[in-house]
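A short write-up of the structure that comes next.
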Amino acid sequence: MDINGIEIEDTYCEIFDGKCVRAIITADNDQIIERAAYDSTSTPGAVIGRVEGGVESFIDSSKTPDGKNGAIVQFWFGLDDLEKFEVELSYRIRQDILVKPFTSLFNATPLPEGYIGMMKQVGHCGDGYEWEEELNGRKMIVVPIAIPDFKVEHQLGYQSGFMGANFWYMCETREAVIEAGQKALEAIKEVEGIITPFDICSAASKPETNYPWIGPTTNHPYCPSLKPKLQEESLVPEKAKYIPEIVINGLDMENVKKAMKVGIEAACEVEGVNKISAGNYQGKLGKYKLHLKDLF
């Protein structure tokens, strides 16, 4: 099949289960909110056993617990180890949110299966001087710091969701890489409960590797610069000079599918995009297969 004359390859992406903490960051200043949101969700790390995240949306004061402007963020973990998730999540909160002026953090997980307590790994940044109190109808930990004071809800909910959905848009030009990627991301932003942890990703990977201590390494058959060297082993189409990837995590499968669909459709509006495909590993990585043809 094709969209606007652009081939949609008959393939699928693999999706795997993950745990997600959804939270609201608030602060007095919109620039601080934006910096805290983007800093705390940077460095996607699920493939190396760390947290990865994304900004779901920015919201006004009418939608936050404390009446300040804020951001809804998601933090994802791909391993079945809640203790490690708690530690990894705490690094993001302590190093990227707590240190920003006048910030607070609230639970916003819609269907929590359980909760991660904030006192052990975050609250005790107060060195024993921290305390709990009821604020805006929430049980909060107050961490005394030099710009008083960081506030975090005493526990954050987590729920299961879906990680790693992806599509590739193969391009002839550098301009198409950026324009199509930005159009796809803008379309995906309109879908509730979705994040794109890598935004436009330039480094599709594969699970098998010559260097296992690194983790996933480059998906070499799809590297345009290796096509002359690999010859028949190369899977880069004739007109493809760039193969960017968009990765999608979401709280429910229907919205993951919707995000895939609108993202692909948006990318196909751009001149210089000549094929849509997806990263898969013969079913070895993800529990779920999402076929591109089933989206349309």
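The values are calculated or read from the model by the stated rules, or taken from the named source; none is laboratory data. Source: prediction; values computed, not measured. Note that each Cβ is placed from the backbone with ideal geometry, even for glycine, and that neighbours are counted across all protein chains shown.
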- Note on the stretch 221-237: residues under 28 Å from the mean Cα position of the chain (by Cα) and surrounded by fewer than 16 Cβ atoms within 10 Å (Cβ to Cβ) are Pro221, Pro224, Ser225, Leu235
- Item | Unique match (being of a type in the set (Val, Ile, Thr) and without any contact (Cβ under 8 Å) to a residue 40 or more places away in the chain) among Val152, Val122, Val55 | Val122
- Message: Quick check on the stretch 179-202. Is at least one of its residues farther than 30 Å from Glu113 by Cα, assigned to a loop (DSSP other than H, G, I, E, B) and not assigned by TED's automatic domain parsing to the domain that holds Thr109?
- Response: yes
- Given Ala187, Ala240, Ala204, which one is modelled with pLDDT under 95, crowded, with 17+ Cβ neighbours inside 10 Å and either among the hydrophobic types (A, V, I, L, M, F, W, C) or within 22 Å of Pro44 (Cβ to Cβ) (or both)? Ala204
- Query: Within the stretch 40-53, is even one residue part of a strand (DSSP E or B) and of a type in the set (D, E, K, R)?
  - Reply: yes
- Identify, please: which residue in the stretch 120-151 is touching a Ser or Thr at 6+ places or on another chain (Cβ under 7 Å) and in a strand (DSSP E or B) and is, among those, surrounded by the most Cβ atoms within 10 Å (Cβ to Cβ)? Phe150
